[in-house]
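Below is one structure; the comments refer to it alone.
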Amino acid sequence: MNYFELFNFEVGYDLDVKQLADRYRQLQRAFHPDQYASGSESERLLAVKKSAQINDAFSTLKSPVARAEYLLAMAGIELSHETKTLQDPVFLMQQMEYREHLEDIQQMSDPLNAIMEFEQTLEQEQSALQQAISAQLQNKDFDAAANSVRKLKFMIKLNSELERLEDQIAD
Amino acid sequence: MALLQISEPGQTAAPHQRKLAVGIDLGTTNSLVATVRSGEALPLADQNGIKMLPSVVQYQQDNIVVGYNALEQAEADPENTIISVKRFMGRSLDDVLTTYPELPYQFEGDSANLSRIKTRQGNKSPIEVSADILSALKQRAEHSLGDELQGVVITVPAYFDDAQRQGTKDAARIAGLKVLRLLNEPTAAAIAYGLDSKQEGEIAVYDLGGGTFDISILKLEKGVFEVLSTGGDSALGGDDFDQAIVNWIKVQAELNQVLSSRERRVLKEQAKKAKEALSDADSTQIQFKLDNQTQIELTLSLAEFNQMALPLVQKTIIACRRALKDAQLKAGEIKDVVLVGGSTRVPLVREKVAEFFGQQPLSSINPDEVVAVGASIQADILVGNKPDSDMVLLDVTPLSLGIETMGGLTEKIISRNTTIPVAKAQEFTTFKDGQTAMAIHVVQGERELVKDCRSLARFELRDIPPMAAGAAHIRVTFQVDADGLLSVTAMEKSTGVQASIQVKPSYGLEEEEILSMLKSSIDNAQEDVEARRFAEQTVEAARMIESLGNALKADGHLLDEKSRQTLSNELEVLHQLTLQNDAEAIKKQIEKIDQLSQDFAALRMDQSIKLALKGQQVDEI
């Protein structure tokens, strides 16, 4: 039973996050080991395993990157532990510019406002990439989808560095 | 406010069928036991009507005294009177001595192992001392409820690591209690409040007890309590406020000499009293006599106390900020803040918490009782008294779990705040030809270096089939159950051979030690060991006959005729065995049926996944 089947979703990149969360709670309500607190030893062990699988499925399907990686793995492409680098000079150049911008923010007169603006830019980039991933997976263009996932990872990393900077400035 | 419980006819177990279960708040300073009776969750009082049991154990020559009577003896017999033992749970002796340099106890043992306290009844591990507290609560509950307990829910700080949780569970076993669940204290508090107000949204539980601080961010939605993140400090609490006052007294009274055990104790009591007085006064008097009869008199103002308390309170606020960040929330998004623990009565705590969250925190339930009350509600559900409850508790791991790799570095396997239960597999390989064993060191913590993390256990994988170096692929699965406890299984992939695992808990007890303590605790209680075993096995057998019998009735069609008949026959054999007097035979038969019914259990679970989702579809429409 794959993660999509477990949650009764069609296999595919687009899914309703709220529906996912609802089904997750429904499944845990049925399989959490607490429901088997007075069951037999093997039932309890089984419930722990099942419940762990539901948790893993939920965290995988919830994350835009993990969900794409999972779909690619279903198509035979393993991305999660790869060391392959992205070959896309235009994208990489853009990343370098973004990073320079990140470094400049601290010296700006209104860094918090600059952070907010930058956050919006990154958000747009991310949602564009997610749309691309969805289309590429639908067209079974797995190599292109894999590249988009690699790009999305860059963006997410940049985003978390931005968040860290925000915390630093806020403190 | 008391809640009246009105139920549909036939939905609540009849009073005589109600199973007795209690919730226990095994606190650093005080412990409590509570139960649900007639729909109301209430702490149980002792014969004198007192609910709080000080977590103090005195080891007399032929007697073990727990609670207020032990506390009274603390001054006269400091070395044999163990106070706040929870601080030592799962800690090494080195750790204990560094954190608490002024303890009056004599410790025994190896500096890198679980600490043991030398008493006149022999060396006592923190687990055994905790078991004595739990035994006292068990006695109180059984006396008050009039029958044996079927199960307990024990609360632990959300921040407790694996060793501390395992220690708590082992203590319960030694006390002869069946643990239905270890529950995080803040979650228990949320249950107590959640059932009253049925609210939805994110809440923060700020729990400052005697010796530990916890902050938890929880999400309440449609009967599901989800812990979004936890943080805190397992060595910060009201005792530290007391210690700050003790230090202040020493400076003010110019006490530079080495103090006697009695003087230290008196100083501590005075400090505690002063702290409590300042909860609703602007200043307080401190008066006591030294051993040389010198009278000390001081005045402590609230402003002075606030000044010394501020760094401690600030530490808690930093932890709050981090927990919010982990939950990806801003302080303003928190709907309610719940206060737990006696130390939240300190005015500066309330002030700073209100300031940080931008709202007045809730404290309508007694902050000393709220955890035990919540635990009893959960115990009532888990023991099976409320089959129609749809409450689910989803907890997270408080600390990252990793293994030691080359160069003393840690490699994270399960990161902090992952929802449990969780299972993660990792592959290892051999580095020598013909290698048949492998050592794995599991640690808990957030730091890069192994020496900065807490050692959890050392596992030794044996029986790896001998192969060329690098040819064996050993898949090790780390599983954390709903109580937050780790178990490990390993398998060599190409041959499918299961490697056996030997666990050496770094700061815990080994299985044999627990068994021998269990035996001696029964000896002490002068019970008939055989009779007790038989009673336990009969209860277990009845449970199995009922649950598997029902399962066969409901889902027997999932099995072929032969398997169904086999299970029915074996259940009948089990029933016959309970009419005889052989505990061992019953145990064997239970194990046999458990083995035989494994496939059936798996089939039923797969079927219910489909049913659960069908139900979901209906709900969504």
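Structure notes:
- Taking the criterion of being assigned to a strand (DSSP E or B), of a type outside the set (Val, Ile, Thr) and either under 16 Å from the mean Cα position of the chain (by Cα) or surrounded by 24 or more Cβ atoms within 10 Å (Cβ to Cβ) (or both), the residues of segment B:201-215 that qualify are B:Ala204, B:Tyr206, B:Asp207, B:Leu208, B:Phe213, B:Asp214.
- Some residue of segment B:78-90 being part of a helix (DSSP H, G or I), more than 26 Å from the chain's Cα centre (by Cα) and free of Cβ contacts under 8 Å to residues at least 12 places away in the same chain: no
- Boolean, A:Leu102 is more than 9 Å from chain B (Cβ to nearest Cβ) and buried (at least 19 other Cβ atoms within 10 Å of the Cβ): no
- Residue tally, condition open to solvent by less than 30 Å² (accessible area, probe 1.4 Å), over 26 Å from A:Glu41 (Cα atoms) and not β-branched (Val, Ile, Thr), over segment B:460-492: 2
- Restricting segment A:7-30 to residues that are within 7 Å of chain B (Cβ to nearest Cβ) and of a type in the set (A, V, I, L, M, F, W, C), the residue that is nearest to B:Arg181 (Cα to Cα): A:Ala30
- Total residues in segment B:98-133, condition in a helix (DSSP H, G or I) and touching a strand residue (DSSP E or B) at 6+ places or on another chain (Cβ under 7 Å): 4
- Criterion violated by B:Gly434 - all others in (1) over 18 Å from the mean Cα position of the chain (by Cα); (2) closer than 24 Å to A:Ile54 by Cβ; (3) open to solvent by 10 Å² or more (accessible area, probe 1.4 Å) satisfied: (2)
- For B:Glu427, the criteria (1) within 14 Å of B:Met491 (Cα to Cα); (2) open to solvent by 50 Å² or more (accessible area, probe 1.4 Å); (3) away from chain A (no Cβ under 14 Å) hold in every case but one, which is (3).
- Subset of segment B:335-366 that is assigned to a strand (DSSP E or B) and modelled with pLDDT under 90 - its residue that is farthest from B:Lys51 (Cα to Cα): B:Asp336
- For segment B:21-63, filtering for residues that are open to solvent by 60 Å² or more (accessible area, probe 1.4 Å) and in a strand (DSSP E or B) leaves 3.
- The residue pairs whose first member lies in segment B:596-607 and is farther than 16 Å from A:Val48 by Cα, whose second member is among the β-branched types (Val, Ile, Thr) and open to solvent by less than 60 Å² (accessible area, probe 1.4 Å), and whose beta carbons are closer than 8 Å, counting only pairs six or more residues apart or on different chains, are B:Leu596/B:Thr566.
- Restricting attention to segment B:367-416, the residues being open to solvent by 30 Å² or more (accessible area, probe 1.4 Å), modelled with pLDDT under 90 and assigned to a loop (DSSP other than H, G, I, E, B) number 8.
- Sole residue being within 14 Å of another protein chain (Cβ to nearest Cβ), open to solvent by 80 Å² or more (accessible area, probe 1.4 Å) and assigned to a loop (DSSP other than H, G, I, E, B), chosen from B:Gln314, B:Gln257, B:Gln328, B:Gln293: B:Gln328
- Of all residues in segment A:31-67 being open to solvent by 40 Å² or more (accessible area, probe 1.4 Å) and aliphatic (A, V, I, L, M), the one that is farthest from the other protein chains (Cβ to nearest Cβ): A:Leu45
A quick yes/no check of all residues on (1) open to solvent by less than 30 Å² (accessible area, probe 1.4 Å); (2) over 19 Å from A:Lys62 (Cα atoms); (3) not in a helix (DSSP H, G or I):
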site	(1), (2), (3)
A:Val90	no, yes, no
A:Gln107	no, yes, yes
A:Ile115	yes, yes, no
A:Leu137	yes, no, no
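- The residues listed here are B:Phe241, B:Phe225; of these, the one that is within 14 Å of chain A (Cβ to nearest Cβ), among the aromatic types (Phe, Trp, Tyr) and open to solvent by less than 30 Å² (accessible area, probe 1.4 Å) is B:Phe225.
- Criterion (within 14 Å of another protein chain (Cβ to nearest Cβ), modelled with pLDDT under 80, open to solvent by 50 Å² or more (accessible area, probe 1.4 Å) and assigned to a helix (DSSP H, G or I)) met by exactly one of B:Gln595, B:Gln617: B:Gln617
- Residue check, A:Lys153 closer than 22 Å to A:Ile77 by Cα, open to solvent by 30 Å² or more (accessible area, probe 1.4 Å) and not in a helix (DSSP H, G or I): no
The values are calculated or read from the model by the stated rules, or taken from the named source; none is laboratory data. Because the structure is a prediction, the values reported are computed rather than measured. With ideal geometry, Cβ positions are generated from the backbone for all residues, glycine too; neighbour counts draw on all protein chains shown. What goes into the accessible areas is simple: the full protein's heavy atoms, side chains included, and nothing from ligands, DNA or RNA. Shrake-Rupley method; radii C 1.70, N 1.55, O 1.52, S 1.80 Å.
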